Every structure is written in structure tokens, then in C-alpha cells.
1. Pull out all pairs, ordered by first then second residue, where Cβ-Cβ is under 6 Å, the residues are six or more apart or on different chains, the first lies in segment 55-71 and is without any contact (Cβ under 8 Å) to a residue 12 or more places away in the chain, and the second is among the β-branched types (Val, Ile, Thr) and surrounded by 10 or more Cβ atoms within 10 Å (Cβ to Cβ).
2. Give just the number: which of (1) out of contact with any strand residue (DSSP E or B) (no Cβ under 8 Å at 6 or more places or on another chain); (2) part of a strand (DSSP E or B) does Gln95 not satisfy?
3. When the residues of segment 35-54 are narrowed to those that are free of Cβ contacts under 8 Å to residues at least 24 places away in the same chain and not small (Gly, Ala, Ser), which ends up farthest from Ala12 (Cα to Cα)?
4. Just one of Phe93, Phe14 is at pLDDT below 95, within 13 Å of the chain's Cα centre (by Cα) and of a type outside the set (D, E, K, R); which is it?
5. Say we look at segment 23-43 and pick out the residues that are of a type in the set (S, T, N, Q) and either open to solvent by 90 Å² or more (accessible area, probe 1.4 Å) or part of a loop (DSSP other than H, G, I, E, B) (or both); which of these is modelled with the highest pLDDT?
6. Consider Val8 against the criteria (1) among the β-branched types (Val, Ile, Thr); (2) open to solvent by less than 60 Å² (accessible area, probe 1.4 Å); (3) at pLDDT below 90: it satisfies all of them except one. Which criterion is unmet?
7. Checking the structure you have, find out if any residue of segment 44-56 is surrounded by 12 or more Cβ atoms within 10 Å (Cβ to Cβ) and among the basic types (Lys, Arg).
8. Out of all the residues in segment 82-94, is one or more in contact (Cβ under 8 Å) with a residue 24 or more places away in the chain, on the phi > 0 side of the Ramachandran plot and surrounded by 10 or more Cβ atoms within 10 Å (Cβ to Cβ)?
Amino acid sequence: MSGRKETVLDLAKFVDKGVQVKLTGGRQVSGTLKGYDQLLNLVLDEAVEFIRDADDPLKTTDQTRSLGLIVCRGTAVMLVSPTDGTEEIANPFVQSDGA
């Protein structure tokens, strides 16, 4: 057993591809993954932040803000997902008012 630590995620397959990243505090950004390290620090190019709703900070709006080239610190990263092959679906757990 070597003394080298390996990351839980294998992000090599996502380099130069679109990813969505959720950060602690509720921020959500999307961009092209350009690099990463063992501490999960991420470098995203052409990054776009999804603006949160002022009334409900847990919801994102359709508004975005262009950030360009950014570094996401690994301690703030909660979720990394590819943008290709994902689509938004309706929530199956929301009950209609007539029920």
C-alpha cells in the first residue's frame, strides 16, 4: 500500500467537458473543467453562476452571471456533475392541490 492518497472522484474523464458544480452556501456554477487536484480544487473556464432567488435563497432563477475563468476551492465543493446527458424533470413528489 503506497502512501499516496487518491481522490474519491475520478474527474479525468470530465476534463475539457462541461460540468455543473454546487458549492457550500448554495452557489451553483457551470463551466468547462480545465483542471483539478487531489484536494478537489477545480478550475472552470467560461464559468456561469446561476443567480439565486432573493425571496428563497434555495431556488435558482433563470438569471445568470458570467464569471469567466474561476477556481473553486475544494473545501467548498459539494457536488460535481456533467452537463451532458442530464435534463431537468418534473418533481414526482409534489402533490397537486386536488389530492
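1. Thr61/Ile51
2. If we test Gln95 against (1) out of contact with any strand residue (DSSP E or B) (no Cβ under 8 Å at 6 or more places or on another chain); (2) part of a strand (DSSP E or B), just (2) comes out false.
3. Looking only at segment 35-54, we keep the residues that are free of Cβ contacts under 8 Å to residues at least 24 places away in the same chain, and these are 35, 46-51, 53-54.
Then drop every residue that is not not small (Gly, Ala, Ser), which leaves 46, 48-51, 53.
Details: Glu46: 19, Val48: 21, Glu49: 23, Phe50: 25, Ile51: 28, Asp53: 33 Å.
Step by step, filter segment 35-54, then rank; the result is Asp53.
4. Phe14
5. Per the stated criteria, the residue is Asn41.
6. Looking at each condition in turn, Val8 falls short on (2).
7. yes
8. Within segment 82-94, not a single residue is in contact (Cβ under 8 Å) with a residue 24 or more places away in the chain, on the phi > 0 side of the Ramachandran plot and surrounded by 10 or more Cβ atoms within 10 Å (Cβ to Cβ).
The values are calculated or read from the model by the stated rules, or taken from the named source; none is laboratory data. What you are looking at is a predicted structure, and each value in this text was computed from that prediction instead of being measured. As a convention, Cβ positions derive from the backbone with ideal geometry for all residues, glycine included, and neighbour counts pool all protein chains shown. We work out accessible area using only protein heavy atoms, side chains counted, and drop any ligands, DNA or RNA first. Shrake-Rupley method; radii C 1.70, N 1.55, O 1.52, S 1.80 Å.
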